[in-house]
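The values are calculated or read from the model by the stated rules, or taken from the named source; none is laboratory data. None of the values given here were measured: they were computed from a predicted structure. Virtual Cβ from ideal backbone geometry, glycine too; neighbours counted across all protein chains shown.
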């Protein structure tokens, strides 16, 4: 995931605005928080046998839909780039800004990430050997082209957080560069990164899913997905430029057709077997995110409901804790002679929601505030020493 951390929760920027018209008062994009819950749920279902059963009992299209749950990962990467651009555009120009950005990201994602590693070690009873464990703790496991297997070590889904760590490292430099570009240059940049996603079919390159052949065996998994993140960043910047040029309420005209067309096309692609057309999911997801941000629609209203906003808030925990939670609950149910897939999935999912909510309330949110306060204290002492 984000499978990331959940930057969509950050309705206000983490840095002091440099000009009064910047993001201090940008409204939260609630629909982009709500859609995270569906994306996280899609990944959770992907890690079940629903695809196999759907093919046998319903249709190939239904089976393909469940088997394509891994494609929620590029959606998370796009979301991450879009919301970071929306939050930090115009405010991240200096080295001090960069440092505070990285501190904010660390405070946001690492505590629950570390808890997921502890939970995985407790449930599975295995900790990787020291070099792999150290790389995983420091979120570097998907950066190594010489040992692609280490990306899935410990808690397999954490490879996406390692990938996000690379995104966060790059973001301040990319955003600073885009801040100085014209709208036309930003549009060209967006077109280029989308073209890279399509030509390289980056969305298909996921841990253990697509074959690692040819030149891809020499490219770190994290690096392969950078164009998806950059697509989100460019799209977020263009959305802000577009919105600033609207004289009336900054929304697309019509009745949500843009959003619904993008959603239907995405659904059709997700119901196909993976292949060359899979690469089109990135521009389709990009169109969907732009529509949800810019266009009033029933889908946007549904995704902005309180229940789905809460689901979006706990989606980070859902993503990280899904494997240890599933193993623990499945073991309990099997011991009590329940092998029904429906019962097991229901038990797994209910437990995951509870664990994710507790993790958000007791670990994720408090730890973020505590670490941000500690970093602020360090920054204040640094300034006093400089004076």
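Here are some notes:
To keep it simple, each residue is scored yes or no on (1) out of contact with any strand residue (DSSP E or B) (no Cβ under 6 Å at 6 or more places or on another chain); (2) farther than 21 Å from residue 26 by Cα; (3) modelled with pLDDT of 95 or more.
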site	(1), (2), (3)
251	yes, no, no
258	yes, yes, no
271	yes, yes, yes
290	yes, no, yes
297	yes, no, no
310	yes, no, yes
319	yes, yes, yes
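- Helices (runs of 4 or more DSSP H) lying entirely in the range 269-387 (those with 2 or more residues that are farther than 21 Å from residue 86 by Cβ, out of contact with any helix residue (DSSP H, G or I) (no Cβ under 8 Å at 6 or more places or on another chain) and free of Cβ contacts under 8 Å to residues at least 12 places away in the same chain): 306-313, 315-335, 341-359, 365-386
- Considering the range 118-145, the residues that are buried (at least 21 other Cβ atoms within 10 Å of the Cβ) and without any contact (Cβ under 8 Å) to a residue 60 or more places away in the chain include one that is nearest to residue 164 (Cα to Cα), namely 139.
- The set of residues from the range 146-159 being surrounded by 16 or more Cβ atoms within 10 Å (Cβ to Cβ) and over 26 Å from residue 328 (Cβ atoms) comprises just one member, 148.
- In the range 95-117, residue farthest from residue 314 (Cα to Cα) [restricted to those that are crowded, with 18+ Cβ neighbours inside 10 Å and out of contact with any helix residue (DSSP H, G or I) (no Cβ under 6 Å at 6 or more places or on another chain)]: 97
- Residue 316 satisfies every condition listed in (1) under 23 Å from the mean Cα position of the chain (by Cα); (2) under 26 Å from residue 54 (Cα atoms); (3) buried (at least 19 other Cβ atoms within 10 Å of the Cβ) except (2).
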